[in-house]
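Asks: Once you've had a glance at the structure underneath, I'll fire off some questions.
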Amino acid sequence: MPENNERSVPATETWVANYGDMLFRYVRLRVRDDATAEELVQETFLAALQGLKNFSGQSSFGTWLVGILKHKLIDHLRRQVRETPAAMDDDGAVSGMFNSFGHWTSMATPHAWKSSPEELAQQADTQRALKTCMEALPRRYREVFVMRVMDGVETEEMCKILELNPNNLYMMLHRARLRLRACLESKGIGRD
Amino acid sequence: MWRDLGIFSCRQATRLASDRLDRRLTVWERLELAMHLAMCGACRACARQLRAIDLFARRLLKTSEPPGSGDEPGLTPEAKLRMTEAVNKAQSGK
C-alpha cells in the first residue's frame, strides 16, 4: 500500500494524488461501474475530512481511509439491495437453464471440466473471463457475490447489513453462481 | 413442492450445492443432495464448478490486492481533479 506507514495526517492536497488510485482499485473490484467507484472514493475523502479528529494514528492513514471506504461500500450495497428488492422475481437467464420439471435443458447441461479447479484458477484466461462474467451479472447478484465470496462476510452478518432474509440471500448467491458458471463455460473455460 | 412429490430436480440440487457454500445443510438436505449427485453427472459437474467459481473469485481478489499493487487502471486525471476540487472546497468551507 502506498501510504508509507504514515501515522500522521498528510496534507489534504496530497490525499487524492496519494490515495485516490488505491481506494479506487479497492472499490472498483467490488462495484460494477467506474462512476459508482469514483463516487464512493470521493465520499470517502469528504467523510475523512469531516472525521479527521477521529484519526488516532494507531493505523496508517491509508488503512484508516480504507476503513471509511468499507463503510461507504456497505451503505451503497444496502441501498442497492433496498432499491431492487424484487429478489424473489423470476430470473429468466436461470429459469432458461432448466425445463418445466426443473431438469437441465440440453443446451445448458454442464459438462465436467478438463482441468482441475486449482489449475484453472492459476490461469490468466480464467481470471479475465471471471472478471468479464462478473461485470455481466445483474448488479445486486454481483454485489452479494463479492461481499460473500470475495470479502468472506458471513451470511448472518450480510442479512443484518443488507436487511435481507436468508432465503433471498441464498437464492441470489445461487443465481449469481449459476450465471457465472454458464458464462465461464461459454468463454471456453474448462474445455482446454 | 418437489419435496412433497418426492421429486428432487436438478434446479433444486444446484440450489443446495450453492447453499452448502454459504450455510450448513441439514442432514436431510445433505442426504438428498448426495443421492441426486450420485445419479446425475450434470449436477455433479455443476456442483464442483460452483465451488470452483468461489475459488476463482478469491484468487482474483488475491492477485488484485493489496490495493494499489495491481495493474488495474486507477482514477482518471479528470476524476482526480474533480475530487481534489471537492476536497478543497469542503476544506475551505470548514
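Asks: How many residues does segment B:47-67 hold that are surrounded by fewer than 20 Cβ atoms within 10 Å (Cβ to Cβ) and either at pLDDT 95 or above or more than 7 Å from every other protein chain (Cβ to nearest Cβ) (or both)?
Replies: Residues in segment B:47-67 being surrounded by fewer than 20 Cβ atoms within 10 Å (Cβ to Cβ) and either at pLDDT 95 or above or more than 7 Å from every other protein chain (Cβ to nearest Cβ) (or both): 5 in total.
Asks: With the structure loaded, tell me whether A:THR36 is modelled with pLDDT under 90 and more than 7 Å from every other protein chain (Cβ to nearest Cβ) or whether it fails that test.
Replies: no
Asks: Let me ask another. I need the full set of residues from segment A:147-163 which are part of a loop (DSSP other than H, G, I, E, B) and out of contact with any helix residue (DSSP H, G or I) (no Cβ under 6 Å at 6 or more places or on another chain), in order please. Walk me through how you get there before you give the answer.
Replies: The initial filter retains those residues of segment A:147-163 that are part of a loop (DSSP other than H, G, I, E, B), namely A:151-154, A:163.
Listed by number, the residues that qualify are A:ASP151, A:GLY152, A:GLU154, A:GLU163.
Asks: So which residues in segment B:11-30 are in a helix (DSSP H, G or I) and loosely packed, with under 13 Cβ neighbours inside 10 Å, if there are any at all?
Replies: Restricting attention to segment B:11-30, the residues satisfying the condition of being in a helix (DSSP H, G or I) are B:11-19, B:27-30.
Selection gives B:VAL27, B:TRP28.
Asks: Could you run through segment B:31-46 and say how many residues are free of Cβ contacts under 8 Å to residues at least 12 places away in the same chain and surrounded by fewer than 17 Cβ atoms within 10 Å (Cβ to Cβ)?
Replies: Selection size over segment B:31-46: 5.
Asks: Does A:ILE68 satisfy the criteria of being aliphatic (A, V, I, L, M) and surrounded by fewer than 17 Cβ atoms within 10 Å (Cβ to Cβ)?
Replies: No: the conditions fail for A:ILE68.
The values are calculated or read from the model by the stated rules, or taken from the named source; none is laboratory data. This one's a predicted model, so the numbers in the text were calculated from it and none came from an experiment. Quick reminder, even Gly has a Cβ in these numbers, built from the backbone with ideal geometry, and neighbours come from all protein chains shown.
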